[in-house]
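Peer 1: One structure follows; several queries about it will come next.
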Amino acid sequence: MMIQRTSEFFRRLAIGIGLAGLVSFPTLILCHGYISVHADTPTLSSPSGGDCQACHKSTMVPADHPKTSGMAMPDCIACHKQETPSLGNRMPLSHTHLLNGVVCRDCHAEIDPAGYVDKGTCMTCHKPQDLLIATRDVRPANPHDSHYGPELDCDLCHHVHAPSENFCNQCHAFGFTIPSPIIIR
Amino acid sequence: MTDESGHGKGALTRRGFLKTTGGAALAGVAAGGLFNVPQKAFGADMPNNWDEQVDVVVVGSGFAGLAAAIEAKQAGASVLVLEKMRVPGGNSIINGGVFAVAGSAKQEAEGIKDSPELLLADMLKAGLNLNHVQLAKLVAEKSREAVEWTQSLGVEYREKVVHLGGHSVPRSWSTHNSSGSAIVQKQIEKTKQLGIEIRLQSFLTAIIQDASGRVVGVKVREKYRFPAQDSGTVKHIKANKALVLAAGGFSADMYFRTLQDPTLTEKVDTTNQPGATAEVLLEALRIGSTPVQISWIQLGPWTSPDEKGMGVGYVFNAMAGFVEGVMVDPTTGKRFINELADRKIRSDAIFRTGHPSVTIADSRGVKGVHNLERSLEVGVVKKFDTIESLAAEYKIPPVALQETINLWNGFVEQRKDEQFDRYMQKDQQTIAVGPFYACRCWPKVHHTMGGVQINDKAQVIGLNRKPVPGLYAAGEVTGGVHGAVRLGSCAVTDCIVFGRIAGQHAAKA
Ligand SMILES: Cc1cc2nc3c(=O)[nH]c(=O)nc-3n(C[C@H](O)[C@H](O)[C@H](O)COP(=O)(O)OP(=O)(O)OC[C@H]3O[C@@H](n4cnc5c(N)ncnc54)[C@H](O)[C@@H]3O)c2cc1C
């Protein structure tokens, strides 16, 4: 309760201040700022979205990596698409969303950021019929065309702020992993 | 059941109430007579305010719950379906889609003679006559009506009936995709048309009774995230007419199932969805419903140890190995049981050998295995050019295996299994034309026959031998229909028949 109220206070304050960037200021305050709702989320020291080094230091981003602050997904892909190490499956979905300009409040607009997002929110961008086709060759079964039908809760597999998991595998033993693909929208 | 109010420690029946709060309550009786007993003696859980109300609350979104919801709505009641999981359909939506129907046009077309009486006789034989005959009879008699009802919802079935173990004739219908999801998806479609809400992540934690003992509502946790007991928020929903329990069986409830059968430890896998747990059954018992045959727990003989859960290989075993081929003990290369005996007889026989058995069929025998390619891909079914290479893979003595196959082929030619008297299919063929296919079998916990007692109106019967007012139940959460052993494909029939009955009566309660 405390957290909810405080975060709402900061959200309004931040919106009031009206700072926006690639990653908006309220976003940063809520997710990476003074009152992180995700306890293990690193705190950003400066409010610029593509600033990988600010959190990840040299452990993830090599020291000689070009400065990333201000970069968006197309900038990452310009180098990472073919080259190793690829970014594919390395970034959590929260990051790929952010770098595509989808900020926290785009999904968490009405509710406290700690709450779960309804699949309807995902489906405003990701259409079930497209996904069904995208994964039709996945073996041994197309995860988007299962006995549960095409409209399952996305978050059963695809976690945005945690490693994704293979929901099928609570009963099956399917070899495929849930990708965190680098997609430009 | 445990929840934050602590009544789970045993307070709700009148007797329970007096026991736990006996001091205060008896003091009340002593000082001011019976009328001073606090109002909440029965309805200790009665909320001050209901968050919501509806005519009929259904718990569980499988075959039984959805059938009840559809019928209740069509009878004029407002209906809400509660489902604790994040997906609908329970075990029904992962089910194999075989549906026992006695005396159908499909059978007539194949010249198979059948009747509800024959199905009932099969159910009683497998059930060791522990079945509550009146209930089993209803299932047999209404089996045809039940499948036709699903057809009216748009469910499509394959042309041929299949022969499952323990049935004296082939009679079971297969959905077009060999999955119960074909039925559940159409049921869900119907609920949408009728404007019935299926509320996922809504976990029933208590059944609420009024002072007279009538069931009047439920306590739930909404936005619940299985299996976190304390997740979500508490809400009270009033059921103006009735509550229908359709919460399924408890094969995945490690604590409760090993309590009933201590041999079923975590070493034995289950075919069930992880939410197949006992809390609704226990809650029904807590308010005084009568338990029936809770410790009869069935293992499926056709599952494979080479994959998780039900997996895919069971189709080969059930449709080919047991019907068109043979099952052997790999250490001897010999058959050891009638491959079409009921599930308990087969599972017990496999367990007795102490290791997985091997089923074998030839290229003609696998015609009905719709998922053969996938089973080969997953590696649970294997393909061999010769019987010798098959024997080598499973370390079966090759000469003994060939002898077993020759013996069986002789039985097929004379149309009589002299060893175990297995039913000969109309077009039974020998095991002779390669490639040959094989799969290992090791039983897994599959079905819980026991549950709450119901009558022919699907009313739950209390320990006072009378219906618990306002409480109905259908499907695997009930006991009695199947007795000791459920026959394959009879669960769908049971769930649809009694789900519909429960809904019809609940709407008028
Ligand atoms: C893999 C598999 C294959 C099968 N194949 C066949 C077959 O081909 N033919 C056949 O006849 N039978 C088959 N069976 C058996 C049959 O599918 C089941 O007996 C049947 O589906 C039970 O239906 P139900 O409606 O009673 O319960 P379910 O379909 O299990 O639904 C019960 C629902 O209640 C929910 N629930 C439980 N507790 C709560 C709570 N506290 N609050 C809210 N919701 C709750 C559960 O999550 C579940 O979704 C199969 C079973 C399995 C597991």
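The values are calculated or read from the model by the stated rules, or taken from the named source; none is laboratory data. Since the model is a prediction, treat every value here as computed from it, not as a measurement. Don't worry about glycine lacking a Cβ; one is built from the backbone with ideal geometry, like all the others, and counts go over all protein chains shown. With ligands, DNA and RNA removed, areas are computed over all heavy atoms of the protein, side chains included. Shrake-Rupley method; radii C 1.70, N 1.55, O 1.52, S 1.80 Å.
Peer 1: Return the sequence-ordered ³J(HN,Hα) values of the range B:325-339 in whole Hz as given by the Karplus equation 6.51 cos²θ - 1.76 cosθ + 1.60 applied to θ = phi - 60°, using x for Gly and Pro.
Peer 2: Per residue, the Karplus-derived 3J(HN,Hα) values read x, 9, 10, 10, 7, x, 6, 10, x, 10, 5, 9, 7, 5, 5 Hz.
Peer 1: Tell me, what is the FRET efficiency for A:N169 and A:D75 to the nearest 0.05, using R0 = 35 angstrom and their Cβ-Cβ distance as r? Spell out each step's value before the answer.
Peer 2: On the way: r = 35 Å, r/R0 = 1.00.
For A:N169 and A:D75, the calculated efficiency is 0.50.
Peer 1: Give a residue-ordered list of calculated ³J(HN,Hα) values for the range B:485-500 (Karplus: 6.51 cos²θ - 1.76 cosθ + 1.60, θ = phi - 60°; whole Hz; x for Gly, Pro).
Peer 2: With coefficients 6.51, -1.76 and 1.60, one gets 9, 7, 6, x, 6, 7, 6, 4, 4, 4, 4, 5, 4, 6, x, 5 Hz.
Peer 1: Another question, if that's okay. Which value, in Å² rounded to 10, gives the accessible area of A:T135 with a 1.4 Å probe and all protein chains present?
Peer 2: Rounded to the nearest 10, the figure is 20 Å².
Peer 1: For a test of the definition: using alpha carbon positions, the gyration tensor, and the 1.5 limit on a/c, classify chain B as rounded, prolate or oblate.
Peer 2: Numbers: a/c = 2.34, a/b = 1.99, b/c = 1.17.
Cα axes put chain B in the prolate bin.
Peer 1: Any chance you could look up the accessible area of A:R139 with a 1.4 Å probe, heavy atoms only, rounded to 10 Å²?
Peer 2: The accessible area of A:R139 comes to roughly 140 Å².
Peer 1: Efficiency by 1/(1 + (r/R0)^6): what FRET value for B:K457 and A:C55, r their Cβ-Cβ distance, R0 = 56 Å, to the nearest 0.05? Provide the component values of the computation, followed by the final result.
Peer 2: Working: r = 63 Å, r/R0 = 1.13.
According to the calculation, E is roughly 0.30.
Peer 1: Once the Cβ-Cβ distance between B:T386 and B:M424 is put in as r, and R0 is 25 Å, what FRET efficiency do you end up with, to the nearest 0.05? Walk me through the numbers on the way to the answer.
Peer 2: Numbers: r = 26 Å, r/R0 = 1.04.
Step by step, r from the Cβ atoms, then E = 0.45.
Peer 1: To continue, here is another question. For the modelled label position 7 Å from the Cα of B:S231 along Cα-to-Cβ, which residues of the range B:240-271 have backbone nitrogen atoms closer than 19 Å?
Peer 2: B:252-254
Peer 1: For chain B, what is the mean residue ellipticity at 222 nm derived from helices alone (per DSSP H run of n ≥ 4: -39500 (n - 2.57); sum divided by total residues; nearest 500 deg cm²/dmol)?
Peer 2: On the way: 16 runs with 157 residues, N = 509.
After summing the helix terms and dividing by the residues of chain B, the value is -9000 deg cm²/dmol.
Peer 1: Another one. Going down the list B:K142/B:K457; B:K84/B:K508; B:K84/B:K235, which pairs span over 20 Å between their C-alpha atoms?
Peer 2: Numbers: B:K142/B:K457 14 Å; B:K84/B:K508 26 Å; B:K84/B:K235 13 Å.
Pairs exceeding the cut-off: B:K84/B:K508.
Peer 1: Kindly identify residues of the range B:142-189 having a loss of at least 30 Å² in accessible area between the isolated chain and the assembly of all protein chains, probe radius 1.4 Å.
Peer 2: B:Q185
Peer 1: List residues of the range B:413-439, by number, whose backbone nitrogen lies under 18 Å from a label position 7 Å along Cα→C-beta of B:E403.
Peer 2: Residues B:418-420 fall inside that zone.
Peer 1: Measuring from label point to label point, each 7 Å out along Cα→Cβ, what is the B:K267 to B:M254 span in nm?
Peer 2: A separation of 1.5 nm, rounded to one decimal place.
Peer 1: So which trypsin sites (Lys or Arg not before Pro) in the range B:135-169 pass both tests, a DSSP loop state and at most 15 other Cβ atoms within 10 Å of the Cβ?
Peer 2: Details: sites: B:K137, B:K142, B:R144, B:R158, B:K160; in loops: B:K142, B:R158, B:K160.
Those that pass, being in a loop and sparsely packed, are B:K160.
Peer 1: Angle between the Cα long axis of helix B:63-74 and the longest principal axis of chain B, 0 to 90 degrees, nearest 10?
Peer 2: Once rounded, one gets 50 degrees.
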